[in-house]
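The values are calculated or read from the model by the stated rules, or taken from the named source; none is laboratory data. Values in this document were obtained by computation on a predicted structure and should not be read as measured data. All Cβ positions, even for glycine, are placed from backbone atoms using ideal geometry, and neighbour counts span all protein chains on display.
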Amino acid sequence: MVSIVVVSHSAKVAEGVKEMAEQMSRGRVSIAAAGGLDDGTLGINAQRILAALRTVYSPQGVLVLVDLGNAVMSAQMAIEMMEPEQRAHIRMTDAPLVEGAVIAAVEASLGRSLEEVKRAAEAAANMRKLL
Amino acid sequence: MITKDDVIRWLQRYARLLEEHKEYLTELDAAIGDADHGINMNRGFEAVMAQLPSWQNKDIGTLLKKAGMVLVSTVGGAGGPLYGTLFMRMGMAVGNKDALTPEDVVKMFQAALQGVKQRGKAEPGDKTMVDTLTPGVAALEKALAAGEDLVTALEKAVTAAEEGMKATIPLMARRGRASYLRERSIGHQDPGATSSYLLFKAAYEAWRELDDRPS
């Protein structure tokens, strides 16, 4: 099954998104949170992202979601620190963090491929909440 | 030759400059960013300083790489991956040497610039660190090619870096949080360009008295 890494400047946000995504997938999908700095303040910690990747890595693939643009560079560094053969199975997405993670978890729990999970997460950007 | 102790003094000098300029860097970042560049860089370099004693017996390349790794997990903002990459690439360029020739120093700074450009995908004119690093490295290369000694070359690099930093003032930001401000980023000096200038300044100040050392 595809697994998920949730990256945020906030540890609380990352943990909360992980919690919501786990609820939607009934705990069947491996999800790791990587948010905030070691001293408890807001920020992106590439080592934390790397630890999360190592925790949930699966050859079926890992989808990495980020909250803001400047998390991308750190996530890229973390991915670069994985083994070469693992890197091919890790993808970052532009999907919105909360909505994307929840949708990704559902799709992953249905056994969809990394590409399919990524596409579904990105489609969340177009979903309307107000009817 | 630049010894390992010289490199350590450079890092210490940089940490000190970042501390002295903490409010200034944060103010610059308040104008066109999220007001934390000074705070972030200080947090990162305080962490580097704390670990430095345990790296005393490592070669220069390893020391620089370790500094980079600390920065990626402690700086927090865009400076984390950018300065992390900068130092890691410097470490990779230097390798397991315990002393650096002037040529090694140039290659080190060239690798720093390449690393930052690859990581952040910025070009000169985007109003970033690259606007300071590019002229700084160019001045260093030119001076050494002309046969100047390292300290003189570094002095010229600092002047060029300062000019590059100030040249970011009229630019419109094309990277980072500042780019969201678009025209409103014009008229403000870029914080990353400023902290990059301090990196050159720290090297010059740390190595200035090498002139008096028998070679």
Would you be able to say whether some residue in the range B:35-45 is surrounded by fewer than 24 Cβ atoms within 10 Å (Cβ to Cβ), more than 9 Å from every other protein chain (Cβ to nearest Cβ), free of Cβ contacts under 8 Å to residues at least 12 places away in the same chain and outside any loop (DSSP other than H, G, I, E, B)? no
When the residues of the range B:26-46 are filtered to those that are of a type in the set (A, V, I, L, M) and at pLDDT below 95, which remaining residue is nearest to the chain's Cα centre (by Cα)? B:L28
If you scan the range A:10-55, which residues turn out to be within 18 Å of A:E99 (Cβ to Cβ) and outside any helix (DSSP H, G or I)? A:S10, A:S25, A:V29, A:I31, A:A33, A:G35
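Conditions (1) at pLDDT 95 or above; (2) among the basic types (K, R); (3) under 23 Å from A:I49 (Cα atoms), marked per residue:
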{"site": "B:I60", "(1), (2), (3)": "yes, no, no"}
{"site": "B:G77", "(1), (2), (3)": "no, no, yes"}
{"site": "B:F87", "(1), (2), (3)": "yes, no, yes"}
{"site": "B:A99", "(1), (2), (3)": "yes, no, no"}
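Here is a list: B:K121, B:K117, B:K127. Which entry is out of contact with any Cys (no Cβ under 7 Å at 6 or more places or on another chain), at positive phi and within 14 Å of chain A (Cβ to nearest Cβ)? Write out each step before concluding.
Values: B:K117 fails: at positive phi; B:K127 fails: within 14 Å of chain A (Cβ to nearest Cβ).
Criteria check complete, one pass: B:K121.
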With the first residue restricted to the range B:121-137 and required to be crowded, with 24+ Cβ neighbours inside 10 Å, and the second required to be in a helix (DSSP H, G or I) and among the basic types (K, R), Cβ contacts under 7 Å at 6 or more apart or on different chains are B:V130/B:K117
Those residues of the range B:118-130 which are part of a helix (DSSP H, G or I) and out of contact with any Asp or Glu (no Cβ under 7 Å at 6 or more places or on another chain), in sequence order: B:Q118, B:R119, B:G120
Restricting attention to the range A:50-73, does a residue exist that is closer than 24 Å to B:G80 by Cα, modelled with pLDDT of 95 or more, of a type in the set (V, I, T) and in contact with a Lys or Arg (Cβ under 8 Å, 6 or more places away or on another chain)? yes
Filter result for B:M49 (under 12 Å from the mean Cα position of the chain (by Cα), more than 14 Å from every other protein chain (Cβ to nearest Cβ) and assigned to a helix (DSSP H, G or I)): no
Subset of the range A:15-43, residues in contact with a strand residue (DSSP E or B) (Cβ under 7 Å, 6 or more places away or on another chain) and either more than 14 Å from every other protein chain (Cβ to nearest Cβ) or modelled with pLDDT under 95 (or both), comes to A:E15, A:V17, A:K18, A:A21, A:E22, A:V29, A:S30, A:I31, A:A32, A:A33
Residues that are within 14 Å of chain B (Cβ to nearest Cβ): find the helices (runs of 4 or more DSSP H) completely inside the range A:65-131 holding 1 or more of those. A:71-80
